[in-house]
Amino acid sequence: MTMIEIEKLRQRLKEIDLEARKIRDLPKADRAEYGKKINLQKQEVLNEIKQLEKAELDNEVLPLDVTAWSGVNEAMPEFFKTEIGSMHPLMAELDRVIGIYQMMGFDVIESRQLDDEFHMFDALNFAKEHPARDGYDTFRTEENLIPPAHTSTMQHRVLKKYKSTLEDTGRLAVVVPGRVFRNEDVDATHEHTFYQCEGVYVSRDCNMAQMLGILREFFEKYYEQKLNIRTQPGYFPFTEPSLEFMIEKPKGLGGKKGEYLEMLGCGMIHPKVLEMAGIDPGVYHGFAWGGGIDRLVMLRFGLDDVRYFESGNLNFLRAFK
């Protein structure tokens, strides 16, 4: 009803404008009085329109409930409303990774985002002069704490926490997912912040063949196809011998037969690392591995730039809904 009244008043304004043109036909002595009368009528109509428009706006706009904590706020203007979000692709895939290891009998412990010199280096058999201790490779806070450069910082804690389980059952099997940080030059294949998953296994008779079997089983479950694997010698202070583990690029995911991609580092846990945790290396043996989650996901979805994950680009994230 209000809009109809407003339209009628606008028509009245047009009529007043037509009446105002008659001023040219009046004697000069009468023009001032006539003009004053016409302007007064016009101003009255404009004020009525303004009041009706305000009333119409008040009726349309409901009060916004700023205390609403969930759900869709019906009073919220359309341009403020947001669509329901989704889990970040890295988190969704990390859940999938953890699920595969849990089906294989592994417990799960989350890594830390701040650690210390002992767990980052000393407990992992890093020599005092090792270049990785240099600030150019490792981030440090003003308090000399370290955002971990790898999830291996948790190995010592895992070995100590599950030592009694090892003695009772003869077996220790744990995976450690977590966020890691490195002083890297960022490009399409390198990020300063990414995710890793560490694996630790200890028993009286475990060996490298078992380790390779577990890793092969994991990658075949993750990519849902049989895979050829390959290893080459590597070096890590906390494993001996150490290997770089590679898989043949999965079929249907941009891979070609005979092309291999390094996925993680692995090896038999160094006796000194076991000793530091109070485990007798003369009785128990262990193996460990650690690899990036980002690279797993990039290969699975055919992504060509690791920076997408940390970009906050909504168009990229919506593609994984």
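The values are calculated or read from the model by the stated rules, or taken from the named source; none is laboratory data. The shown structure was predicted, so the numbers you read here are calculated from the model rather than taken from an experiment. Neighbour counts run over all protein chains shown; Cβ positions are idealised from the backbone, glycine included.
Residues that are over 12 Å from Ile109 (Cβ atoms) and of a type in the set (S, T, N, Q) were ranked within segment 154-197; the one that is farthest from the chain's Cα centre (by Cα) is Thr169.
Restricting the first member to segment 265-283 and to residues that are in contact (Cβ under 8 Å) with a residue 24 or more places away in the chain, and the second to residues that are of a type in the set (Asp, Glu) and surrounded by 15 or more Cβ atoms within 10 Å (Cβ to Cβ), the beta-carbon pairs closer than 6 Å and six or more apart or on different chains are Gly265/Glu244; His270/Glu240. Kindly indicate the residue of segment 242-284 that is within 29 Å of Leu303 (Cβ to Cβ) and of a type in the set (D, E, K, R) and also modelled with the highest pLDDT among those meeting that condition. So, considering only residues that are within 29 Å of Leu303 (Cβ to Cβ) and of a type in the set (D, E, K, R), the one modelled with the highest pLDDT is Glu244.
State whether one or more residues within segment 224-234 are in a loop (DSSP other than H, G, I, E, B), acidic (Asp, Glu), within 27 Å of the chain's Cα centre (by Cα) and surrounded by fewer than 20 Cβ atoms within 10 Å (Cβ to Cβ). Yes, there is a match, as at least one residue in segment 224-234 is in a loop (DSSP other than H, G, I, E, B), acidic (Asp, Glu), within 27 Å of the chain's Cα centre (by Cα) and surrounded by fewer than 20 Cβ atoms within 10 Å (Cβ to Cβ).
Working carefully through the options Arg318, Arg295, find the one that is modelled with pLDDT of 85 or more and either surrounded by fewer than 19 Cβ atoms within 10 Å (Cβ to Cβ) or farther than 26 Å from His130 by Cα (or both). Result: Arg295 is the single residue among Arg318, Arg295 that is modelled with pLDDT of 85 or more and either surrounded by fewer than 19 Cβ atoms within 10 Å (Cβ to Cβ) or farther than 26 Å from His130 by Cα (or both). Pairs are defined by a Cβ separation below 6 Å, a sequence spacing of at least 6 or placement on different chains, a first member in segment 212-225 that is within 15 Å of Asp95 (Cα to Cα), and a second member that is not in a helix (DSSP H, G or I); the pairs so defined are Phe219/Leu227; Phe219/Ile247; Tyr223/Pro250.
Scanning segment 284-321 for residues being touching a residue at least 60 places away in the same chain (Cβ under 8 Å) and assigned to a loop (DSSP other than H, G, I, E, B) gives a total of 7. The residue of segment 105-145 that is surrounded by the fewest Cβ atoms within 10 Å (Cβ to Cβ), among those that are over 26 Å from the mean Cα position of the chain (by Cα) and hydrophobic (A, V, I, L, M, F, W, C), is Ala127.
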